[in-house]
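Engineer: Take this structure, written in structure tokens, and hold onto it; I'll ask about it next.
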Amino acid sequence: MSDTVILVENLGKKYVIGHQQRLPYNTMRESMVRGAKSFGRNLLKPFGQKVPNPAYEEFWALKDVSFEIKQGDRVGIIGRNGAGKSTVLKILSRITEPTTGRISIKGRVASLLEVGTGFHPELTGRENIYLNGAILGMSRTEIKKKFDEIVAFAEVEKFLDTPVKRYSSGMYVRLAFAVAAHLEPEILLVDEVLAVGDVGFQKKCIGKMEDVGRDGRTVLFVSHSMNTMTSLCNRGILLESGTLCSDTSAEEASRIYLNKAFSVARGTPLSQRRDRSGSGKVRAYSFRILNEEGREEVSLESGKDYYFEIGYHNHTGIIIKDVVVSLDIYDERDIIVFLLRTNFTNSNLELKADRGQIVCRIKNLPLTNGLYRFSIFISDADREILDYIEDAASVSIEAGDFFGTGSPGLPSHCKILAKAEWSTS
Ligand SMILES: Nc1ncnc2c1ncn2[C@@H]1O[C@H](COP(=O)(O)OP(=O)(O)OP(=O)(O)O)[C@@H](O)[C@H]1O
Ligand SMILES: [Mg+2]
């Protein structure tokens, strides 16, 4: 087993959550996930039941996770929010200790985790480059050789002698990535911080990671973007609530992930779905998303134009006028991000007496990357609900050029993109 570079055996990580204490700053998403969890727990708690210690609670972020990584593997680590992906990388980069199990690593590790790790805020860009090189065991001469390449890649020439705490998050991530990827680590760990950079820079990073992989070095990459993950990685590890769910090819892992995450929406064709309400006088029997050229798409891009097409059967045999149709779009956390509803725009529809298509065109799709689900609602004005299906379809949206500037928005902080005009007076 000489080409094994990472061996993870029965890894477990327990956190003790103090409910009273303020949460340390992690990411907003993490806090929200935790908030949602305790809300759920409170709902499930039988009335009047004694809770052993309300102030503290044990929580296993990872449970009995084992895998082996060979030299040159490019591994995508995927899973829903809170699945334990970042925790795995934090343990591998020795930022945090495992509670149970063990890891062995052969080779120099460089990691790019959430913004805030790896760099010393008070030190300048230049000093941080040297510091990180030294941590990786490189000599000053070796670092010097790489220095210009790093600075050029990160595009931070002008700010080299500024403390990194004054950097914008984009500059910070650009430099952190350039350092991690250029200082010739044998193992590179990257935790989707790429989402902070602009689209052009993300592409550059993916290219660089491909180079690192081609050199026979090992890359572990946490991502929510299935397109990026499958194009970069040859293996995929899917985590589910802290346990390893699949360890397979990148494509297979991505397929399992999308299927699981949105199993209801994907499992049964719309025409066969029984879990629907409404009178049934009209039924939606198909849902497709078409691009500008009329081709069907399953993975969309922010900023592009699309047609949402609902195929319907009208069982009444007569034309129905003033029909309200709504597409409700939910994010991964089950929050409705927006409704596309005919009566908002005075565009209530007339349905043919037998069958036809309802088409909704959306220009410049204003959603950041992630997974979304659609519910379909059709009613006869406000007289009667004809058909209502929750989770009628699911779709993965990838970062695109909504603003026309290359900026992806800030997908870790927001779901909806909007253009604004700024001025001073
Ligand atoms: N320091 C901590 N204290 C308590 N709980 C934590 C801590 N760090 C992480 N957790 C919890 O452990 C679980 C796994 O977190 P982790 O950050 O590994 O998830 P993730 O898969 O990276 O999620 P995301 O996709 O949102 O980044 C989450 O429920 C998270 O809230
Ligand atoms: Mg994470």
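Engineer: Give me, ordered by chain and number, the residues 5 or more places off Ser246 or on other chains with an amide H under 5 Å from its own placed amide H.
Structural biologist: Those lying under 5 Å, H to H, from Ser246 are Leu238.
Engineer: Under 10 Å from the Cβ of Glu309, count the other residues' Cβ atoms, weight Lys and Arg +1, Asp and Glu -1, and hand me the total.
Structural biologist: Values: positive: Arg288, Arg361; negative: Glu296.
Result for the local shell: +1.
Engineer: Also, quick follow-up: Helix 140-154: angle to the longest alpha-carbon principal axis of the chain, degrees 0 to 90, nearest 10?
Structural biologist: The helix 140-154 is inclined about 20 degrees to the chain.
Engineer: So which of Lys90/Lys204; Lys158/Lys304; Lys146/Lys260 end up more than 32 Å apart by C-alpha? Let's see the in-between values first.
Structural biologist: Numbers: Lys90/Lys204 24 Å; Lys158/Lys304 35 Å; Lys146/Lys260 43 Å.
Over 32 Å Cα-Cα: Lys158/Lys304; Lys146/Lys260.
Engineer: For Leu112, list long-range residues whose amide hydrogen, built 1.01 Å from N in the peptide plane, is under 5 Å from its own amide hydrogen.
Structural biologist: Leu189, Val190, Asp191
Engineer: Sequence-distant or interchain residues sharing an amide H contact under 5 Å with Thr162, placed H: which?
Structural biologist: Here Gly125, Arg126 satisfy the definition.
Engineer: Given 0.36 nm per residue, what is the gain on full extension from Lys165 to Glu350 after removing their alpha carbon distance, in nm? Kindly include the intermediate steps, with their values, before the conclusion.
Structural biologist: On the way: separation 185, 0.36 × 185 = 66.60 nm, distance 5.84 nm.
So the chain would gain 60.8 nm between Lys165 and Glu350.
Engineer: Sticking with this structure for a sec: Checking the cross-link filter: which lysines have an alpha carbon closer than 19 Å to that of Lys281, excluding same-chain neighbours under 8 positions apart?
Structural biologist: Cα-Cα hits under 19 Å: Lys321, Lys352.
Engineer: Please label the shape of the stretch 190-244 as rounded, prolate or oblate, based on the square roots a ≥ b ≥ c of the eigenvalues of the alpha-carbon gyration tensor (a/c under 1.5 means rounded; beyond that, a/b larger than b/c means prolate, else oblate).
Structural biologist: Cα axes put the stretch 190-244 in the oblate bin.
Engineer: Based on the Cβ-Cβ distance of Glu297 and Asn234, what FRET efficiency does E = 1/(1 + (r/R0)^6) give at R0 = 22 Å, to the nearest 0.05?
Structural biologist: E(calc), rounded to 0.05, equals 0.30.
Engineer: Still on this structure: Which lysines have a Cα less than 16 Å from the Cα of Lys70, not counting those fewer than 8 places away in the same chain?
Structural biologist: List returned: Lys106.
Engineer: Go through 345-352, 249-256, 75-82, 152-159 and give me the packing order, highest mean Cβ count within 10 Å leading.
Structural biologist: 75-82, 249-256, 152-159, 345-352
Engineer: Also, I was wondering about something else. Mind checking the full-extension length gain between Leu410 and Glu384? Use 0.36 nm per residue of separation minus the Cα-Cα distance, one decimal, nm.
Structural biologist: 5.3 nm
Engineer: What percentage of the solvent-accessible surface of the chain, computed with a 1.4 Å probe over protein heavy atoms, is contributed by carbon and sulfur atoms?
Structural biologist: Here carbon and sulfur together make up 51 percent of the probe-accessible area.
Engineer: In the stretch 377-412, whose amide N lies under 18 Å from the spot 7 Å out along Cα-to-Cβ of Ile335? List them in ranges.
Structural biologist: Output list for this probe position: 397, 409-412.
Engineer: Also, quick follow-up: Compute the relative contact order of the stretch 267-398 as a whole-number percentage, counting only Cα pairs closer than 8 Å that sit 6 or more residues apart in sequence.
Structural biologist: Relative contact order of the stretch 267-398: 32 percent.
Engineer: Enter the angle in degrees (range 0 to 90, nearest 10) between the Cα long axis of helix 125-135 and the first principal axis of the Cα atoms of the chain, meaning the one along which they spread out most.
Structural biologist: Taking the Cα atoms of the chain, the angle to 125-135 is about 70 degrees.
Engineer: Where a ≥ b ≥ c are the square roots of the eigenvalues of the C-alpha gyration tensor, would you call the stretch 267-398 rounded, which needs a/c under 1.5, or, failing that, prolate if a/b is larger than b/c, or oblate?
Structural biologist: Here the stretch 267-398 falls in the prolate category.
Engineer: Asp3 to Glu421: extension gain in nm, 0.36 nm per residue of separation minus the Cα-Cα distance?
Structural biologist: On the way: separation 418, 0.36 × 418 = 150.48 nm, distance 5.50 nm.
145.0 nm is the gain from fully extending Asp3 to Glu421.
Engineer: Between Arg295, Arg214, Arg102, which gets the highest mean-square fluctuation from a Gaussian network model of the chain, Cα cutoff 10 Å?
Structural biologist: Residue with maximal mean-square fluctuation among Arg295, Arg214, Arg102: Arg295.
Engineer: What's the angle, to the nearest 10 degrees (0 to 90), between helix 28-44's Cα axis and the longest principal axis of the chain?
Structural biologist: Approximately 60 degrees, to the nearest ten.
Engineer: Which value in nm describes the separation of the simple spin-label points at Glu252 and Arg361, placed 7 Å from the Cα toward the beta carbon?
Structural biologist: About 4.4 nm, to one decimal.
Engineer: Something else now. Pull up the cross-link candidates among the aspartates and glutamates for Lys165, meaning alpha carbon to alpha carbon under 12 Å and not fewer than 8 places away within one chain.
Structural biologist: By straight Cα distance, Lys165 reaches Glu122.
Engineer: Something else now. Could you work out the relative contact order of the chain? I mean the mean sequence separation of Cα pairs under 8 Å and 6+ apart, divided by the number of residues, in percent.
Structural biologist: It rounds to 15 percent for the chain.
Engineer: Sticking with this one: By DSSP, what percent of the beta bridges with both residues in the stretch 267-398 are antiparallel, rounded to the nearest 5? Before the final figure, lay out each step's value.
Structural biologist: Values: 45 of 48 bridges.
Antiparallel bridges make up about 95 percent of those DSSP assigns within the stretch 267-398.
Engineer: Let me ask you something else. Cα-based Rg (one decimal) and Dmax (whole number) for the chain, in Å?
Structural biologist: 24.6, 82
The values are calculated or read from the model by the stated rules, or taken from the named source; none is laboratory data. Worth saying up front: this structure is predicted, and the values here are computed from it rather than measured. Cβ sites come from the backbone with ideal geometry, for glycine too, and all protein chains shown count toward neighbours. For accessibility, only protein heavy atoms count, side chains too; no ligands or nucleic acids. Shrake-Rupley method; radii C 1.70, N 1.55, O 1.52, S 1.80 Å.
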